[in-house]
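Participant: I'd like to ask you about the structure that follows.
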Amino acid sequence: MVVVGIMSPDDDAALLTVRGAAAKARPERISGDRRWPDMQQQISVITLGVADVARSKAFYREGFGWEPVFEQDDVAFFQMSGLMLGLWEKAQLESDMQRPGVPPGSFALASNVESAEAVDAGIERLVAAGATLLRPADAPPHGGYRGYIADPDGNAWEIAWNPAWTVDNEGHVTFGV
């Protein structure tokens, strides 16, 4: 049994961890006068702000072959391997974040597949569904095989195969060396 209690920010023993009957003070990451426990190393939701939710849902259905686990006119969620991918109307997401007029950021999402052939087939399918080809698939200097597309809202996706990474039947990727 693990019980975590946070005491007052002025208390030197702000975070206590109790394991069974033994208790000890454990320092955690410090932010100003407060102590906070480390966050679990995981991502639970990636939400993309999209201009046209219906168009984006159609793209992800036809391009990737994914079905939403929840959808309304202005939002959709896809169950991924251990996380959710959300599509939300861009203006609503900006309002929710209180961050209006945000241009797309400099990032790429990635979908790792089981072979180099699957990279080519995936990119071909995505382009047929409305993606823009950003970079044809090729072998990068660090190994593997990858190409890039952009979804209808300009979000970059890398479609990749890396022989050192395994993808299990549930789609979980394991980093290998």
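Participant: Only residues in region 88-99 that are part of a helix (DSSP H, G or I) count as the first member; pair them with residues that are surrounded by 13 or more Cβ atoms within 10 Å (Cβ to Cβ) and among the β-branched types (Val, Ile, Thr), Cβ under 6 angstrom, at least 6 apart or cross-chain, and list the lot.
Facilitator: Between residues of region 88-99 that are part of a helix (DSSP H, G or I) and residues that are surrounded by 13 or more Cβ atoms within 10 Å (Cβ to Cβ) and among the β-branched types (Val, Ile, Thr), the close pairs are LYS90/VAL50.
Participant: When region 33-67 is examined, which residues are found to be under 18 Å from the mean Cα position of the chain (by Cα), crowded, with 18+ Cβ neighbours inside 10 Å and at pLDDT below 95?
Facilitator: Selection gives LEU48, GLY49, VAL50.
Okay, residues lined up against (1) touching a Pro at 6+ places or on another chain (Cβ under 8 Å); (2) crowded, with 16+ Cβ neighbours inside 10 Å:
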| site | (1), (2) |
| --- | --- |
| VAL127 | no, no |
| LEU133 | no, no |
| ALA139 | no, no |
| HIS142 | no, no |
| ARG146 | yes, yes |
| ILE149 | no, yes |
| ASP153 | yes, yes |
| ALA164 | no, no |
| ASP168 | no, no |
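Participant: Can you tell which of GLY82, GLY144, GLY122 is touching a residue at least 12 places away in the same chain (Cβ under 8 Å) and over 28 Å from GLN41 (Cα atoms)?
Facilitator: Details: GLY82 fails: over 28 Å from GLN41 (Cα atoms); GLY144 fails: over 28 Å from GLN41 (Cα atoms).
Result of the check over GLY82, GLY144, GLY122: GLY122.
Participant: How many residues does region 57-75 hold that are touching a strand residue (DSSP E or B) at 6+ places or on another chain (Cβ under 9 Å) and farther than 24 Å from LEU133 by Cβ?
Facilitator: Final tally of qualifying residues: 8.
The values are calculated or read from the model by the stated rules, or taken from the named source; none is laboratory data. Everything numeric here is computed off the predicted structure, so don't read it as measured data. So basically every Cβ, Gly included, is an ideal-geometry build from the backbone, and we count neighbours across all protein chains shown.
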